[in-house]
Each structure stands twice: as structure tokens, then as C-alpha cells.
Amino acid sequence: PTEKDWVANHLHQYQGFWHTTRQLQAVLACQRHFQAEDSDILLVTTPKSGTTWLKAMVFALMNRDRYPNNNDHHPLLSENPHVLVPFLELRLYIDGRVGDFTTFTSPRLFGTHLPLGSLPETVKNLPCKLVYLCRNPKDTLASLWHFTNKLRKKGMGMGTNSLEWSFDKFTRGVSLYGPFWDHVLEYWKESLENPERVLFLKYEDMKEQPKVQVSKLAKFLGRPFSLQEVTNGALDGILKLCSFENLSNLEVNKTGKLDTGEDFNTFFRQGEVGDAKNLLTPQMIEELDQITREKLHGYGLKF
Ligand code: A3P
């Protein structure tokens, strides 16, 4: 497989979910080689649901003693969140080499898109914490379509995937780490059964009530905000530091790139709720809403 495989059309189904060839190798490498630690924190997301934002917020709140956010040297001002909190499956397997995490300080923070059932055994067997973030499927699909086509065009000089083609694949569950609904439901059920292990968050709630959601996140990770931190602006400072406006305008995020080739700026587009209506037709929206109602029916989860 080559770099191009990242957004090529060849997907393989493994343990019920779809992966590119390169991703699948990475998933298998994780399952074979990753050694979890009790204190590990995994930030699990469906692609394009706000992974970059979540990584920034968890990094900022877990490191707030070391780097108060009014500090000019805060790592988030000069590094992209995907560098500070790497993807488990990408970092562990790049170009055939198995990565090394021994230099990470505890608690180690990782991002991942792995479905619950595909998590490495060591993660399943240890009391690691999992923060799950998802986003309504319409905006997720819209964001994914823009992202994929940007990568295809910029990185590879390839043509655009038509919206109809992408919509058809997504609704049939054949998308990166899809079926989308299965991914979300597995973690939703786990969060109900094991609330001290899995915290379930939605992008829309984070946009609507950022203070409430980030306070919940901090408490879940064992680092609750004190009253003093709320009144002295520490909580507000983290929200501002991690905001779309701030992160997307930083030089590093405008010009840098991941060592796997993706420009950091492809992770920042609009950062709004409801943008799908500017892309999808009313019929597509109706169809997606209908599928979502059917798939989630009876589980107490709504978008
Ligand atoms: P849009 O394409 O709708 O703008 P991911 O990080 O999982 O790849 O998701 C990318 C989506 O999150 C993009 O959505 C991007 O603009 C948005 N995003 C990135 N940083 C954000 C932030 N700090 N706050 C809110 N949304 C953000």
C-alpha cells in the first residue's frame, strides 16, 4: 500500500468495520503490539467528529498545571493537536515500523478511531479510560466528503468523489471505520454499562454547552476544575485556547503537516453544527435521518 491508499476506494471489512489497506495494517499492528497501561487515556472518535478539538482540550486540561493557558509557551500554540496526542494506530505502525511509546509521560494520551470490538486486548483488560466523541451523521458525512476530496486533490492530484457516490457508500455503512451507526452504538452501550470507563460526548453538545461538557470531561479524567479555576478564568482559558478560531489561525496549523503527509489545515474547515444542509439535498437529509432513526431506535440515543 502507498500513501494514496489513505483515500483510495479500496476498503476491507475486518471485525465488522471498513478500513483502507493501510489502516487495516495499522489496526492489526495495534492489536498485536500495543501494551496498554492502567493510566492510559484513549480519545476515541468517528472520523471528522471533532477529534482535533477533543485532543486539544484533553491535552490542555491534563497539562494545565505545567502549562497554564495564559503561558506563551503552551505547546498548543506551536504544535498541532495530532502531534501532541498521536493516533494510536498511525503512530504504532508507520511505513512498516512499529512505533515506540516509551518516552511518553503518564498518563499517556492517544487518539484512535478503533471500533470498541477491535481495541487491543490490553486496553480491554486494563482500567484505561475511554473518551468517545461523535457527531451527527449528516455533518460527519459532509465533513468527511470535504476532507477526503481535499486530500485527494492536494495530496494526490486525484479527482473529486461525487457526493452521490460518497452518500451511497456512507449510508450503506461502507466508510472509513464505518458503519458509522455501529461504531457509535457500541460505545454508547458501553458507556451506559461502564460509565466510569467510557465517557460518551457529542460534538453538538460541546458546541452548545462547552463549559458543562469540558467540566464533565475533566471530572471523568480525575482532574475536576476547582471553584477557583472556574472563577479565575482557567476553564474559560482552555476553551478559548482550543477554540476553532484560535487553533485554525495559528501559524503551525496553517502551514504544517503530519509526518504521514496530511496538511494540518485540512483538519480545520468550518467547525459549525448544521453545515450539512449546505451540501446534502433535502432528500439525502431525509434518507439519512430515517436511517439514523431506524438504527438507533430503542437505544435512547438521538442526534
Ligand atoms: P467541519 O468539516 O464541519 O468544519 P476531526 O478533527 O475529527 O478530523 O474533525 C474535523 C472537524 O472538526 C471539521 O469539521 C473541523 O472544522 C472541526 N474542528 C476542528 N477543530 C475544531 C475546534 N477547535 N472546534 C470545533 N470544531 C473543530
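Before moving on, here are some points about what is shown:
- Taken over region 256-276, the residue count meeting the criterion of being within 16 Å of residue 150 (Cα to Cα) and among the hydrophobic types (A, V, I, L, M, F, W, C) is 4.
- Residue 3 modelled with pLDDT of 95 or more, surrounded by fewer than 20 Cβ atoms within 10 Å (Cβ to Cβ), out of contact with any Lys or Arg (no Cβ under 7 Å at 6 or more places or on another chain) and of a type in the set (Asp, Glu): no
A quick yes/no check of all residues on (1) more than 17 Å from residue 296 (Cβ to Cβ); (2) surrounded by fewer than 22 Cβ atoms within 10 Å (Cβ to Cβ):
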position	(1), (2)
141	no, no
149	yes, yes
154	yes, yes
163	yes, yes
173	no, yes
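- Residue check for residue 263: touching a residue at least 24 places away in the same chain (Cβ under 8 Å), under 22 Å from the mean Cα position of the chain (by Cα), away from the ligand (no atom under 15 Å from the Cβ) and under 23 Å from residue 152 (Cα atoms): no
- Residue, farthest from the chain's Cα centre (by Cα), within region 60-69, restricted to residues that are away from the ligand (no atom under 12 Å from the Cβ) and touching a residue at least 24 places away in the same chain (Cβ under 8 Å): 68
- Residue within region 132-149 that is more than 14 Å from the ligand (Cβ to nearest atom), part of a helix (DSSP H, G or I), without any contact (Cβ under 8 Å) to a residue 40 or more places away in the chain and farther than 22 Å from residue 44 by Cα present: no
- Filter pass, residue 11 being on the phi < 0 side of the Ramachandran plot and more than 16 Å from the ligand (Cβ to nearest atom): yes
- Where a residue in region 189-201 is of a type in the set (Gly, Ala, Ser) and its partner, wherever it lies, is surrounded by 11 or more Cβ atoms within 10 Å (Cβ to Cβ) and at pLDDT 95 or above, with Cβ under 9 Å and at least six apart: 191/130; 191/132; 191/197; 191/198; 191/199; 191/200
- Between 55, 48, the distinction of being touching a residue at least 60 places away in the same chain (Cβ under 8 Å), within 14 Å of the ligand (Cβ to nearest atom) and not aromatic (Phe, Trp, Tyr) belongs to 48 only.
- Single residue of region 21-45 satisfying the filter (crowded, with 23+ Cβ neighbours inside 10 Å and of a type in the set (S, T, N, Q)) that is farthest from the ligand (Cβ to nearest atom): 23
- Condition met for residue 13 (closer than 29 Å to residue 188 by Cβ, modelled with pLDDT under 95 and outside any strand (DSSP E or B)): no
- Qualifying residue in region 255-262 (condition: surrounded by 17 or more Cβ atoms within 10 Å (Cβ to Cβ), more than 16 Å from residue 54 (Cβ to Cβ), at pLDDT below 95 and acidic (Asp, Glu)): yes
The rows are residues; the columns are (1) under 27 Å from residue 29 (Cβ atoms); (2) in contact (Cβ under 8 Å) with a residue 40 or more places away in the chain; (3) of a type in the set (S, T, N, Q).
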| position | (1), (2), (3) |
| --- | --- |
| 163 | no, yes, no |
| 174 | yes, yes, no |
| 178 | yes, yes, no |
| 211 | no, no, no |
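- Residue within region 102-110 that is crowded, with 20+ Cβ neighbours inside 10 Å and in contact (Cβ under 8 Å) with a residue 12 or more places away in the chain present: yes
- Test result for residue 106, of a type outside the set (Val, Ile, Thr), at pLDDT below 95 and farther than 17 Å from residue 19 by Cβ: yes
- Residue 221 being crowded, with 19+ Cβ neighbours inside 10 Å, away from the ligand (no atom under 14 Å from the Cβ) and of a type outside the set (Ser, Thr, Tyr): no
The values are calculated or read from the model by the stated rules, or taken from the named source; none is laboratory data. These numbers come from a predicted model, not from an experiment. Cβ coordinates were reconstructed from backbone atoms using ideal geometry, including for glycine residues, and neighbour counts include every protein chain displayed.
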